[in-house]
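A.B. asks: Sharing a structure, written as structure tokens. Questions coming.
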Amino acid sequence: MLCNYVPQLTDSRWQVLGKVPDRCGRPQLVASVHAPAGAELTVPAPRSGAVTYARIDGAGVSGLESIRALLYRPRSRSVNVNGTQNTGSYRVLHATAC
């Protein structure tokens, strides 16, 4: 969505997006870090006109949790941004994090 859509109309609750040609270049690896769950990591700020994103490997459903996911749903995962749990905690969808 970031690369192929731009806001056309925005109000306090809604935003209408319009499709545009791909405006993103090839992704560049800035760093690769292996860390245990719960570790605090720093993601570098993007340079002007660029976007930095983090890809999280290993956050997907596996092992015994796969059985639980079939019967109920997988455990909730979240990431805290800027070290704050109250205002910067975002839910991570297991299907898109792995």
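A.B. asks: Would you please name the residue that is surrounded by the fewest Cβ atoms within 10 Å (Cβ to Cβ), looking only at residues in segment 1-13 that are more than 24 Å from Val81 (Cα to Cα) and hydrophobic (A, V, I, L, M, F, W, C)?
C.D. replies: Leu9
A.B. asks: Could you list, in sequence order, all residues of segment 15-36 that are touching a strand residue (DSSP E or B) at 6+ places or on another chain (Cβ under 9 Å) and under 21 Å from Gly60 (Cα atoms)?
C.D. replies: Matches in segment 15-36: none.
A.B. asks: While we're on this one: Among Ser48, Ser62, which is part of a loop (DSSP other than H, G, I, E, B), at pLDDT 80 or above and among the polar types (S, T, N, Q)?
C.D. replies: Ser48
A.B. asks: Here's another thing I want to ask about it. Report, by residue number, each residue of segment 20-43 that is surrounded by 10 or more Cβ atoms within 10 Å (Cβ to Cβ) and either in a strand (DSSP E or B) or of a type in the set (D, E, K, R) (or both).
C.D. replies: Arg23
A.B. asks: Taking Arg77 as the residue in question, decide whether it is modelled with pLDDT of 75 or more and in contact with a Lys or Arg (Cβ under 8 Å, 6 or more places away or on another chain).
C.D. replies: So Arg77 passes the test.
A.B. asks: Considering only segment 19-35, I want to know if a residue exists there that is within 30 Å of Ser76 (Cβ to Cβ), touching an Asp or Glu at 6+ places or on another chain (Cβ under 6 Å) and of a type in the set (A, V, I, L, M, F, W, C).
C.D. replies: For segment 19-35, residues within 30 Å of Ser76 (Cβ to Cβ), touching an Asp or Glu at 6+ places or on another chain (Cβ under 6 Å) and of a type in the set (A, V, I, L, M, F, W, C): absent.
The values are calculated or read from the model by the stated rules, or taken from the named source; none is laboratory data. Computed from a predicted model, the values in this text were never measured in an experiment. Because the Cβ atoms are built from the backbone with ideal geometry, glycine has one as well, and the counts that use them run over all protein chains shown.
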